[in-house]
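J.: Got a structure for you, written out below as structure tokens; questions coming shortly.
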Amino acid sequence: MSTSLGQSAARGALFTLTATAIKMALQIASVIVLSRLLTPHDYGLIAIVLVVIGVGEIFRDFGLTSAAVQAPSLSDGQRDNLFWINTAIGVVLAVLMFGLSWPLTTLTGEPALLAIVQVLSVTFVFNGLTTQYRAQLMRGLRFRAMAFIDITAATLALGTAIGAALLGAGYWALVVQQLVNLVTMFVGAIIAGRWIPRFYSRQHDISTMIRFGWSIVGTGILTYLGNQIDTIMVAARLGTSPLGLYNRAFQLVMTPLAQVRSPLSNVAIPVLSRVQKDQDRFGKFVISGQVALGYSLGIPLMLVAGLAEPVTGIMLGAQWFQAVPIMRLLAITGTLTTLSFVGYWVYISRGLGKQLFQYSIVSLTIRVCCVVTGSFFGLVGVAAGVAIAPAIAWPISLLWLSKVTVIPLRALITGALRIIVAVGLVGVTSWGTTTLFDTQGWASLLAGGLVGPLPLAALLSIPAFRRDARNLIGFATSMFKRDRTPRAARRAETS
């Protein structure tokens with residue numbers, strides 16, 4: 001494994017995680033400050049618009065970010081063509097959203113939505129313009145620049161929103177927050193990217209990338225539908241109160257996980273794409289990625305599962321204790337889906353868009369069947385169905401992958417089983433510790449949090465677990481180690 005590329009991956013993970021942590025802190029600050037200056041109605045208006053934007057964003061990117069990042073080679077002409085396609089899609093979606101402003105206003109009975117939707121329709125234009133600039137930064141492994149842009153945009157956006165709210169702008173403060181974030185991301189990407197796209201030219205063929213992108217769009221739609229099926233079933237079969245319980249548990253467990261896990265894919269995929277033709281290096285990177293992701297996210301997730309009662313009591317209050325089993329099952333879900341994320345990295349970095357779409361159909365079918373079946377057993381049954389689905393789909397994904405490309409199948413399966421055993425022991429031990437306390441407060445939380453990881457020390461007596469520990473320590477060390485590789489060599493490695 002190349003020291004330079006491996007260290008680039010580790011440093012990229014550090015920059016990405018740091019930016020994510022700062023952005024999450026800014027989000028918390030935004031809630032704390034703006035919630036005192038604005039009304040729930042103001043937030044409700046923006047929430048409606050953001051749902052529409054979220055659906056449109058699946059089509060706006062058109063999978064061309066992944067197509068550009070994973071391409072073994074990408075000429076300047078191809079990059080220019082991708083830029084204009086993303087921009088054109090963004091303009092079309094902006095026009096469609098602008099046109100939807102009237103029926104959406106009529107449907108909701110909220111006159112204020114008309115102007116909000118029309119103004120925020122420019123979101124698609126700016127995101128379309130920014131897409132390939134961001135893709136080139138990812139392709140060049142320029143994670144520090146991306147982190148700086150993200151933090152700067154979030155900080156300026158929050159500061160502007162607070163200022164506008166103090167001046168009495170109402171819901172327009174939230175609109176301004178979105179716009180400032182968009183413009184700052186766009187300007188920052190241009191400054192960091194340092195290239196000006198030329199006109200579109202048919203001489204530079206991008207048909208393969210378009211086909212790959214269309215597969216990614218299809219996969220995104222299927223994933224979106226799969227992610228909504230549990231909420232739909234709870235609302236349809238069980239009612240609003242159970243939905244509220246499920247939503248609170250989901251927000252505590254799965255939302256922070258997504259905010260950490262997805263940005264890490266922006267590091268893993270370009271790194272794996274650089275070595276996709278070198279089977280040995282590719283396999284080592286995939287195995288290392290599974291170890292780093294599985295342990296670093298699996299341990300805190302299973303701590304949440306074991307400490308669900310004190311976490312619920314402290315974060316939500318005693319009236320929410322019915323959400324405890326749901327939190328535990330969702331934490332298990334998060335652990336299993338985290339392991340399957342490595343397979344997603346392989347699909348994208350190897351350009352297997354069609355195969356990913358086909359597998360996504362199978363995965364969606366499994367999830368729907370599990371959730372619908374679970375719904376007959378109430379709210380906990382739905383959560384259990386959500387947890388069982390990835391347990392079934394994950395091994396199918398690896399076997400599917402092994403049929404269409406070369407992967408270290410045995411190493412990935414045995415490595416995942418080790419991770420499941422290790423984090424499972426953490427969860428069981430932390431839960432057992434909390435049962436010794438009569439109250440489910442801070443004492444129980446601290447005791448379970450301290451005692452829960454202790455079984456990991458005993459596992460170090462087993463050679464395979466010691467190798468995993470060395471991998472983790474090496475990865476963590478690389479995060480903070482200054483890369484002294486000559487700049488020319490780094491540029492050659494990541495070009």
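The values are calculated or read from the model by the stated rules, or taken from the named source; none is laboratory data. Please read these numbers as outputs of a predicted model, since none were measured by experiment. With ideal geometry, Cβ positions are generated from the backbone for all residues, glycine too; neighbour counts draw on all protein chains shown. Surface areas here come from the heavy atoms of the whole protein model, side chains and all, with no ligands, DNA or RNA. Shrake-Rupley method; radii C 1.70, N 1.55, O 1.52, S 1.80 Å.
Quick grid of which residues meet (1) in a helix (DSSP H, G or I); (2) of a type in the set (A, V, I, L, M); (3) out of contact with any Gly (no Cβ under 8 Å at 6 or more places or on another chain):
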{"position": "F285", "(1), (2), (3)": "yes, no, no"}
{"position": "A292", "(1), (2), (3)": "yes, yes, yes"}
{"position": "A305", "(1), (2), (3)": "yes, yes, no"}
{"position": "A323", "(1), (2), (3)": "yes, yes, yes"}
{"position": "M327", "(1), (2), (3)": "yes, yes, yes"}
{"position": "T335", "(1), (2), (3)": "yes, no, no"}
{"position": "W345", "(1), (2), (3)": "yes, no, no"}
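J.: Which of (1) under 30 Å from I473 (Cβ atoms); (2) open to solvent by 40 Å² or more (accessible area, probe 1.4 Å) does G12 not meet, given it meets every other one?
T.: Tallying (1) under 30 Å from I473 (Cβ atoms); (2) open to solvent by 40 Å² or more (accessible area, probe 1.4 Å), G12 fails exactly one: (2).
J.: Any idea how many residues of region 358-389 are open to solvent by less than 70 Å² (accessible area, probe 1.4 Å) and closer than 26 Å to I216 by Cβ?
T.: 12
J.: Now for a separate question. Hey, could you check region 27-53 for residues that are within 20 Å of the chain's Cα centre (by Cα) and open to solvent by 40 Å² or more (accessible area, probe 1.4 Å) and say which is modelled with the lowest pLDDT?
T.: That would be I28.
J.: Residue by residue through region 107-138, note down the ones that are open to solvent by 40 Å² or more (accessible area, probe 1.4 Å) and in a loop (DSSP other than H, G, I, E, B).
T.: Within region 107-138, G109, E110, P111 meet the criteria.
J.: Select from region 225-282 the residues that are without any contact (Cβ under 8 Å) to a residue 12 or more places away in the chain, open to solvent by 30 Å² or more (accessible area, probe 1.4 Å) and not polar (S, T, N, Q) and list them in ascending order.
T.: Answer for region 225-282, where residues must be without any contact (Cβ under 8 Å) to a residue 12 or more places away in the chain, open to solvent by 30 Å² or more (accessible area, probe 1.4 Å) and not polar (S, T, N, Q): I232, A235, A236, A258, D278, D280.
J.: Hey, another quick one. Please verify whether R79 is among the basic types (K, R), out of contact with any Phe, Trp or Tyr (no Cβ under 7 Å at 6 or more places or on another chain), surrounded by 16 or more Cβ atoms within 10 Å (Cβ to Cβ) and assigned to a helix (DSSP H, G or I), treating the condition exactly as stated.
T.: So R79 fits the description; yes.
J.: Could you please find all residues in region 367-415 being without any contact (Cβ under 8 Å) to a residue 24 or more places away in the chain and basic (K, R)?
T.: Within region 367-415, K403, R410 meet the criteria.
J.: Which condition from (1) modelled with pLDDT of 90 or more; (2) crowded, with 17+ Cβ neighbours inside 10 Å; (3) among the hydroxyl-bearing types (S, T, Y) is the one that Y171 breaks?
T.: (1)
J.: For T335, which of the numbered conditions (1) touching a Pro at 6+ places or on another chain (Cβ under 8 Å); (2) crowded, with 18+ Cβ neighbours inside 10 Å fails to hold?
T.: Unmet for T335, out of (1) touching a Pro at 6+ places or on another chain (Cβ under 8 Å); (2) crowded, with 18+ Cβ neighbours inside 10 Å: (1).
J.: Among the residues in region 139-155, are any open to solvent by less than 40 Å² (accessible area, probe 1.4 Å), farther than 22 Å from D42 by Cα and not in a helix (DSSP H, G or I)?
T.: Looking for residues that are open to solvent by less than 40 Å² (accessible area, probe 1.4 Å), farther than 22 Å from D42 by Cα and not in a helix (DSSP H, G or I), one finds at least one in region 139-155, hence yes.
J.: Separate question: Which residue is surrounded by the most Cβ atoms within 10 Å (Cβ to Cβ), if the candidates are limited to region 156-168 and must be more than 22 Å from the chain's Cα centre (by Cα) and without any contact (Cβ under 8 Å) to a residue 40 or more places away in the chain?
T.: Among residues in region 156-168 that are more than 22 Å from the chain's Cα centre (by Cα) and without any contact (Cβ under 8 Å) to a residue 40 or more places away in the chain, the one surrounded by the most Cβ atoms within 10 Å (Cβ to Cβ) is A164.
J.: Could you say whether any residue in region 44-51 is under 30 Å from H204 (Cα atoms) and aliphatic (A, V, I, L, M)?
T.: no
J.: Take residues that are within 29 Å of the chain's Cα centre (by Cα), hydrophobic (A, V, I, L, M, F, W, C) and surrounded by 17 or more Cβ atoms within 10 Å (Cβ to Cβ) and tell me which of the helices (runs of 4 or more DSSP H) falling wholly in region 390-463 contain 2 or more.
T.: Per the criteria, 409-434.
J.: Go through region 196-223 and report how many residues are out of contact with any Phe, Trp or Tyr (no Cβ under 6 Å at 6 or more places or on another chain), open to solvent by less than 90 Å² (accessible area, probe 1.4 Å), touching a residue at least 60 places away in the same chain (Cβ under 8 Å) and not β-branched (V, I, T).
T.: Residues meeting the conditions: 6.
Matching residues to (1) within 20 Å of T65 (Cβ to Cβ); (2) among the hydroxyl-bearing types (S, T, Y); (3) in contact with a Gly (Cβ under 8 Å, 6 or more places away or on another chain):
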| position | (1), (2), (3) |
| --- | --- |
| I216 | yes, no, yes |
| I232 | no, no, no |
| L238 | no, no, yes |
| L243 | no, no, no |
| R248 | no, no, no |
| P263 | yes, no, no |
| K277 | no, no, no |
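J.: If you check every pair at least six apart or on different chains, which have Cβ atoms under 7 Å apart with a residue in region 61-87 that is free of Cβ contacts under 8 Å to residues at least 60 places away in the same chain and farther than 21 Å from K277 by Cβ first and a residue that is of a type in the set (G, A, S) and open to solvent by 30 Å² or more (accessible area, probe 1.4 Å) second?
T.: So the pair list comes out empty.
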